[in-house]
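Heads up, the thing below is written out as structure tokens.
The values are calculated or read from the model by the stated rules, or taken from the named source; none is laboratory data. In this text, all values refer to a predicted model and were calculated from it rather than measured experimentally. Here the Cβ positions follow ideal geometry from the backbone for every residue, glycine too, while neighbour counts run over all protein chains shown. Please note that ligands, DNA and RNA were not included when accessible areas were found on the heavy atoms of the full protein model with its side chains. Shrake-Rupley method; radii C 1.70, N 1.55, O 1.52, S 1.80 Å.
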Amino acid sequence: MKKETEAKVVTFTSEAEMPMMPASVASTLYNKTGSWRYMRPLYANQTPPCNAACPAGEDIVMYLQLTAQGRYAEAWQTIVRENPFPGVCGRVCPHPCESECNREHLGGAIAIHCQERFLADYAAAHELDLPAVDAPPREERVAVVGAGPAGLSCAYHLRRMGYQVTVFEAKEQPGGMMRLIPEYRLPRKVLEREIGAIVALGVEMKTGVRLGVDLSWEDLQDYAAVFLAVGQSISRELGVPGEDAAGVLHGIEFLAQVKRGQKVGLGQKVAVIGGGNTAMDAARTARRLGAEVTILYRRSRAEMPAIDEEVNETLDEGVKIEFLCAPVAVLTENGRVRGLRLTRMELGAPDASGRRRPVPVAGSEYELEFDTVIPALGQVADLSFLRAEVQTERGRIITDERTATACPPVFAGGDAVTAFGTVTAAVGSGKRAALAIDCFLRGIERPFPDLAHNVQAAPRRRDPTVVRFENLNTAYFEEEPRPQERQLPAAERVTSFAEVNQGYGEEVALNEARRCFSCGTCNECDNCLIFCPDVAVLRGDSDDEPFVFNYDYCKGCGICVSECPRHAIVFEEEVKFTKT
Amino acid sequence: MKKVVTGNYAVSWGARLARAQVIAAYPITPQTSIIEKLASFCADGEMDARFIKVESEHSAMAACIGASAAGARAFTATSGQGLLLMHEVVHWAAGARLPIVMGVVNRAIAPGWSIWTEQGDTLSQRDTGWLQFYCETNQEVLDTTIQAFKIAESVFLPAMVVLDAFVLSHTSEPVDIPDQADVDAFLPPYRPQLKLDPADPRAFGALVLPSEYMEMRYKMQKAMERALVVAEEVDREWGEHFGRRWGLVEPYRLDDAEIALVTSGTVTGTSREVVDALREEGVKIGLLKVRLFRPFPHQIIRETLAGVRKVAVIDRNISFGDSGVFAQEVRAALYRADARPPVFDFVAGLGGRDIVPETIREIVDYTLAHDAPTEEFTWIGVKT
């Protein structure tokens, strides 16, 4: 109000002149009520637990949002920005994302692996190509040693950044351990498509070249950086008498032979020793070849490192598991396996892995008849080729969080470094290496999280705080059940190598994506816009910023914060004045 | 068209025929069937209104205030505790001069928890600046609802249409439901003086200094005074259109009466029967039904009751520490009369306790037996 009006004395000469009620003579927009505020809402984009848990650093919430809108191609592209193997990971990843999913409390975790698989299968069916390399070409050449998931992931991300990449693989075909995953879990064509897509981006693939044999360190001098992703290729020995008898087949060799279509000398009564995924794969493969199979594991079910669902499927297929036993000798007859001498085990104090250590029970030895023994006790890395400068510890290469070894410009990742033992972790490791090599070559410093946390190639702006169930406004959500993935019946499964898990179709995928809470991530539900009493929530003009606050008028009441179902908005104290 | 409907449905039909454009309400016994019916009218497309579900009566009135300020004809209904929760914005609606119409089913106030009739809920809103009509029959409920819009929109004050819980709200009677075209001819669309308009943005209801506030209250009172004239005029028009009139008050067999009962709501119907019976017995008695409580028709009441020897007011309410509310108002109205008959006050039927012909006979007998009241008011039917 102007000074002169303020000073004027208001008089009325009749009732008609009197105001009926106070009404301003003009808009009150001049009154910036935002100055009353001491708390401020912010679209923080906090981190959903699935995203935080994904070893490959996928933006799961974002691709679920896109799926919910039927934007399948974009959803798939969102995955492959981080991980070029959604078809593989959708099938074989132990999905730690689902273990963290907040939906668990209201009907079951989102079936994220099925969603990933659905999108990969959609991309395959529609022959979608990986986005073309649009970064300007870079002079530097980078060598990747090992064409497993870590090496291929690194090559893929470096290629996308414009580098010239050559992958050297000792085996005749790229894929590493992914090649050994049985057909009934991972059909060959799925793997071939995803590897082929990486090669098609312009990655040079040299197979049948083993570092230290066919390739020397001097040959690598031409490369600006080297990424070692050699994995763990040597099977652990049983370490008992009779191990070299005919009829003892190591798990990964057995799986490789079957995958290659070679004839395998498998008997009728097969023992598989070990409790990891290789043991399950070997047992189920042997079962499909017509054998009667028993898994022998030295601890109990709770300590089994294999994915729980895999163990269940193995049991469903008629494989027996004998817990708390360990072989002490392979019994032979004429140089052939005839059985195992075993000892009973009991669980003692926890070991370094946190699991209880199995201890033999004295005098409990017994014998069982087998004609084939498949040890699947895990693998160790073959590091015989290494230069001395690259430091190792207990069979693993030592790196820092940038995957750099003690010998720059040599980087290393995957199971040879961390032995996390999953495709997804290896993919994440390769990506981390690619980002680190890029920084190294360009002389850029950037922080990397420790190896237990993931990294993103195309990060979205977000707050690293992880949203938990108690942060959500559950008044907006109902209990809705998790859908069942289609699966071949167990009796039918053991008759062939047909894929066991069948995923689900579009309708289920669409509903499942809609069931996602979208923790911490705005999905434009409009609640803030509707509830704001001051019309201080406005639509933004980009996908990154669907809404913006008009802080000129936001009084900081916090209604938007509490009414946001997914905790995409946080409330923070706003310091406007500081004492001078 | 005649239909057998409850008092509540009569309210709903009134709002429908008045073409209310926004209905915001929260359910509460015994009002619920009013808004259920309106909700189904809206859902079935029989009413072109926006039905807003809200989480409380305060919000219901707040939504009506917003709608009315934007120029819409707004309607709500509530009862008892709901009206009390609404109280702050009940004042606001009047102060903002918004002609909202609200059906209120009289319900006794808790605790003790009660769903039965008593006038305490509406009478405690006496000073909010709302017009208040107390109805005797379902037909009157329907007619008054429509009339209320016309009167309210003429003086820019909101209006309550009040009916007794269950005795009227849930009791069916044949009701003449007028044709929409006839109602349209009687009630033109609402034309606000001031309204929210994005093209001409203004803020309503802001701070007013002592230099102007009093004038706004003066103007509200003037509007109330005008409402007495307008209500009379609107009722006359109603009569012309539909052949029925209700009056601001209704005298019954009062012409040569020595004793006048003063009643409101459904007690009136029962009292008419008793008056007729007593007349048969030779008692010179009549009654005055007070239909319009705010603005209070002082002058008509003064003139109507001036000739009687005794006045007996039946109050289904109590102002704690004083007496029944209607009696206070009647006494105040008579104070300026030259010949002031003694006013007996009877508080009866609280919490929905039945007021039957015998109750009214007890009141009359007491009045006949005393020359003047010996106490401020007399309890009827208390189990002492």
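Results, tabulated for the structure shown:
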{"read-out": "Which listed residue, of A:Leu472, A:Leu488, A:Leu529, is surrounded by 15 or more Cβ atoms within 10 Å (Cβ to Cβ), over 21 Å from A:Ala109 (Cα atoms) and either free of Cβ contacts under 8 Å to residues at least 12 places away in the same chain or under 26 Å from the mean Cα position of the chain (by Cα) (or both)", "value": "A:Leu488"}
{"read-out": "Condition met for A:Cys114 (farther than 30 Å from A:Arg482 by Cβ and surrounded by 24 or more Cβ atoms within 10 Å (Cβ to Cβ))", "value": "no"}
{"read-out": "Members of the stretch B:214-261 that are aromatic (Phe, Trp, Tyr) and either away from chain A (no Cβ under 14 Å) or assigned to a loop (DSSP other than H, G, I, E, B) (or both)", "value": "B:Trp238, B:Phe242, B:Trp246, B:Tyr252"}
{"read-out": "B:Lys284 among the charged types (D, E, K, R), open to solvent by less than 20 Å² (accessible area, probe 1.4 Å) and away from chain A (no Cβ under 14 Å)", "value": "no"}
{"read-out": "Qualifying strands (runs of 3 or more DSSP E) (wholly inside the stretch B:1-55; at least 1 residues being modelled with pLDDT of 95 or more, in contact with a His (Cβ under 6 Å, 6 or more places away or on another chain) and closer than 21 Å to B:Val175 by Cβ)", "value": "B:2-6"}
{"read-out": "Residue within the stretch A:41-54 that is open to solvent by less than 30 Å² (accessible area, probe 1.4 Å), under 25 Å from A:Gly176 (Cα atoms) and outside any helix (DSSP H, G or I) present", "value": "yes"}
{"read-out": "Residue within the stretch B:156-179 that is more than 30 Å from B:Val4 (Cα to Cα) and either open to solvent by less than 20 Å² (accessible area, probe 1.4 Å) or within 14 Å of chain A (Cβ to nearest Cβ) (or both) present", "value": "yes"}
{"read-out": "Sole residue being closer than 19 Å to B:Ala227 by Cα, acidic (Asp, Glu) and within 24 Å of the chain's Cα centre (by Cα), chosen from B:Asp121, B:Asp184, B:Asp176, B:Asp127", "value": "B:Asp127"}
{"read-out": "Residues located in the stretch B:67-101, provided they are closer than 21 Å to B:Pro188 by Cβ, in contact with a Lys or Arg (Cβ under 9 Å, 6 or more places away or on another chain) and part of a strand (DSSP E or B)", "value": "B:Val101"}
{"read-out": "Tally of residues being charged (D, E, K, R), open to solvent by 60 Å² or more (accessible area, probe 1.4 Å), within 30 Å of A:Ile79 (Cβ to Cβ) and touching a residue at least 60 places away in the same chain (Cβ under 8 Å) across the stretch A:190-227", "value": "1"}
{"read-out": "All strands (runs of 3 or more DSSP E) inside the stretch B:123-185 with 3 or more residues being out of contact with any Asp or Glu (no Cβ under 6 Å at 6 or more places or on another chain), in the same structural domain as B:Arg294 (by TED's automatic domain parsing) and charged (D, E, K, R)", "value": "none"}
{"read-out": "Count of residues meeting criterion [touching a Ser or Thr at 6+ places or on another chain (Cβ under 9 Å) and either open to solvent by less than 20 Å² (accessible area, probe 1.4 Å) or within 14 Å of another protein chain (Cβ to nearest Cβ) (or both)] in the stretch B:63-88", "value": "10"}
{"read-out": "Checking A:Val133 against (1) touching a residue at least 60 places away in the same chain (Cβ under 8 Å); (2) under 23 Å from A:Cys89 (Cβ atoms); (3) hydrophobic (A, V, I, L, M, F, W, C); (4) not in a loop (DSSP other than H, G, I, E, B), the condition it does not meet", "value": "(4)"}
{"read-out": "Condition met for B:Asp143 (more than 30 Å from A:Pro22 (Cβ to Cβ), more than 14 Å from every other protein chain (Cβ to nearest Cβ), more than 21 Å from the chain's Cα centre (by Cα) and modelled with pLDDT of 95 or more)", "value": "no"}
{"read-out": "Qualifying residue in the stretch B:188-209 (condition: at pLDDT below 95, of a type in the set (Asp, Glu) and part of a helix (DSSP H, G or I))", "value": "no"}
{"read-out": "Any hit, the stretch A:120-129, residues being in contact (Cβ under 8 Å) with a residue 24 or more places away in the chain, out of contact with any Asp or Glu (no Cβ under 8 Å at 6 or more places or on another chain), acidic (Asp, Glu) and in a helix (DSSP H, G or I)", "value": "yes"}
{"read-out": "Positions within the stretch A:14-25 being more than 7 Å from chain B (Cβ to nearest Cβ), among the small types (Gly, Ala, Ser) and assigned to a loop (DSSP other than H, G, I, E, B), in sequence order", "value": "A:Ser14"}
{"read-out": "Scan of the stretch B:353-384 for residues that are closer than 18 Å to B:Ser271 by Cα and at pLDDT below 95, ordered by number", "value": "B:Gly381"}
{"read-out": "Of residues in the stretch A:72-84 being surrounded by fewer than 24 Cβ atoms within 10 Å (Cβ to Cβ) and in contact with a helix residue (DSSP H, G or I) (Cβ under 6 Å, 6 or more places away or on another chain), the one nearest to A:Gly505 (Cα to Cα)", "value": "A:Tyr72"}
{"read-out": "Among (1) in a helix (DSSP H, G or I); (2) crowded, with 22+ Cβ neighbours inside 10 Å, the one test that B:Val104 misses", "value": "(1)"}
{"read-out": "Of all residues in the stretch B:184-208 being small (Gly, Ala, Ser) and within 10 Å of chain A (Cβ to nearest Cβ), the one that is most open to solvent (accessible area, probe 1.4 Å)", "value": "B:Ala206"}
{"read-out": "Single unsatisfied condition, A:Ser384 versus (1) of a type in the set (Ser, Thr, Tyr); (2) open to solvent by 50 Å² or more (accessible area, probe 1.4 Å); (3) not in a loop (DSSP other than H, G, I, E, B)", "value": "(3)"}
{"read-out": "Considering residues of the stretch A:262-289 that are under 30 Å from the mean Cα position of the chain (by Cα) and not in a helix (DSSP H, G or I) only, the residue nearest to A:Val500 (Cα to Cα)", "value": "A:Gly276"}
{"read-out": "Of residues in the stretch A:232-284 being touching a Phe, Trp or Tyr at 6+ places or on another chain (Cβ under 7 Å) and β-branched (Val, Ile, Thr), the one most open to solvent (accessible area, probe 1.4 Å)", "value": "A:Val264"}
{"read-out": "Some residue of the stretch A:56-71 being surrounded by fewer than 20 Cβ atoms within 10 Å (Cβ to Cβ) and within 14 Å of another protein chain (Cβ to nearest Cβ)", "value": "no"}
{"read-out": "The one condition in (1) part of a helix (DSSP H, G or I); (2) charged (D, E, K, R); (3) surrounded by 15 or more Cβ atoms within 10 Å (Cβ to Cβ) that A:Glu507 fails to fulfil", "value": "(3)"}
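Residues checked against (1) among the β-branched types (Val, Ile, Thr); (2) farther than 19 Å from B:Ser12 by Cβ:
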{"site": "B:Ala77", "(1), (2)": "no, no"}
{"site": "B:Leu85", "(1), (2)": "no, yes"}
{"site": "B:Val101", "(1), (2)": "yes, no"}
{"site": "B:Asn106", "(1), (2)": "no, no"}
{"site": "B:Ala110", "(1), (2)": "no, yes"}
{"site": "B:Gln119", "(1), (2)": "no, yes"}
